[in-house]
Amino acid sequence: MHPQLPNAVICATGSYLPQKVLTNKDLEKMVDTTSEWIETRTGILERRLADDDMASAEMGYRASLKAIKGAGVKAEDIDLIIVATVTPDYQFPSTSCLIQEKLGAKRAACFDIGAACPGFIYALTCGAQFLKTQEYKLVLVVATDTLSRITDWQDRNTCVLFGDGAGACILKAEQGDHGIISCLLGADGSGEDLLKLPAGGSRLPAKETTIKERLHYLKMNGNEVFKFAVRIMEKAARDILKKNGMESKDVDWFIPHQANIRIIESVAKRLNVPLEKVVVNVQKYGNVSGASTAIAVDEMNRSGKFKKGNLILLDAFGSGLTWASCLIRW
Ligand code: UT7
């Protein structure tokens, strides 16, 4: 932390989860699976699904409205909107532009970030830089995903894992020792094939064969991603703590990406973080990509569990491969 420069502070949060609930029992009727398998192998009990007429921008907009209200600011005062998503409404225009229009945030510059599950942390990091350099005063960061649209509902290996939802926060520049203290971002493109949406981009544009081969649905090598996740989340957490002269015992709340309870518990164990300090919502929402950590931050904030001065560690991994960690002093 540089003493003269302001910090980026999360001054309000919001989230939106669609009403429709898909339980493990429901999935038993759709693919060859059991509630017991899903619960024991993933920790997921249910997930939310967006209605047909709702997509990522609308969910991000609804989460943003709550954050804006909480911050007591006007949409017109926002300088920048950054949206993390792997399920944008369109290839272009960006989802951030769609949210800007819905909010009436006329002054805001807008861009999307495609960093998959660590997307919220990547977006927070970007937003924080614009505030630290004093380029901007107010930044809206959103993570929103409608993973149900790219989920193959015939593939039991993946369809039990994902859900829809959005989280948002307002960042502003403030002097002091609280706010986003430190961020660590990483990527390894050699893991391209472990988790990807093969078709719909410029490599394999939509045509009859891509549809027939179900290439517009996400494909994942679950085992390999699992091993990577445990290793990289431990490393990203250790590295950021070390960089800041801290230890895992200094952490008050650990908010890992919500992909699988077994990944979360393995990482917490390796880091020596007791489970009482680990924030978990995977049982309620499944994996909502970047929105998972954003929703967790909002739920913790709204329930009053974050106390002034608490040290919060965010930690995530995802397609790319990518990873990110972030330390926040509340
Ligand atoms: O945000 C990042 C995105 N993704 C992730 O983080 C996912 C990371 N990976 C995982 O969470 C886990 O690897 C999975 C939950 C995907 C799979 O759990 P696993 O313990 O690694 O199981 P597995 O892939 O080793 O499969 C074990 C067995 C297989 O059967 P055989 O080949 O041993 O006969 C699968 O076919 O479980 C079978 N299986 C299922 N059985 C019932 C896979 N999915 C299901 C299912 N219901 N839904």
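State the extension gain, in nm to one decimal, for the chain segment bounded by Lys249 and Ile211, taking 0.36 nm per residue of separation less the distance between their alpha-carbons.
Details: separation 38, 0.36 × 38 = 13.68 nm, distance 4.98 nm.
In short, 8.7 nm is gained.
Which residue, Leu124, Leu218, Leu140, tops the fluctuation ranking in a GNM of the chain built on C-alpha contacts under 10 Å?
Residue with maximal mean-square fluctuation among Leu124, Leu218, Leu140: Leu218.
Give, as a single signed number, the net charge of other residues whose beta carbon lies under 14 Å from the beta carbon of Lys137, with Lys and Arg counted +1 and Asp and Glu -1. Mind showing how you got there, number by number?
On the way: positive: Lys74, Arg107, Lys132, Lys172; negative: Glu76, Asp77, Asp79, Glu135, Glu174.
Once positives and negatives cancel, what remains is -1.
Mean Kyte-Doolittle of at least -0.5 plus a Cα span of 18 Å or more along the axis: flag which DSSP H helices in the chain meet both, please. Write out the running numbers ahead of the final one.
Working: long enough: 56-71 (22 Å, -0.13); 119-132 (19 Å, 0.97); 222-243 (31 Å, -0.22).
Answer set is 56-71, 119-132, 222-243.
Please pull out the direction-averaged projected area of segment 217-330, using the convex hull of its alpha-carbon atoms, in nm² to one decimal place. Intermediate values should be presented prior to the final figure.
Numbers: hull surface 28.1 nm².
Quarter of the Cα hull surface area: 7.0 nm².
Please give, to one decimal in nm, the separation of the simple spin-label points placed at Glu36 and His178, each 7 Å out from Cα toward the Cβ.
Output for this residue pair reads 4.8 nm.
Once you list every other residue whose beta carbon is under 10 Å from the beta carbon of Gly286, what net charge do they have if Lys and Arg are +1 and Asp and Glu are -1?
+1
Quick note: the coordinates plus some simple rules give every number you see, no bench work behind them. Note that the structure is a prediction, hence the values are computed from the model and not measured. In this analysis, Cβ positions are derived from the backbone assuming ideal geometry, glycine residues included, and neighbour counts consider all displayed protein chains.
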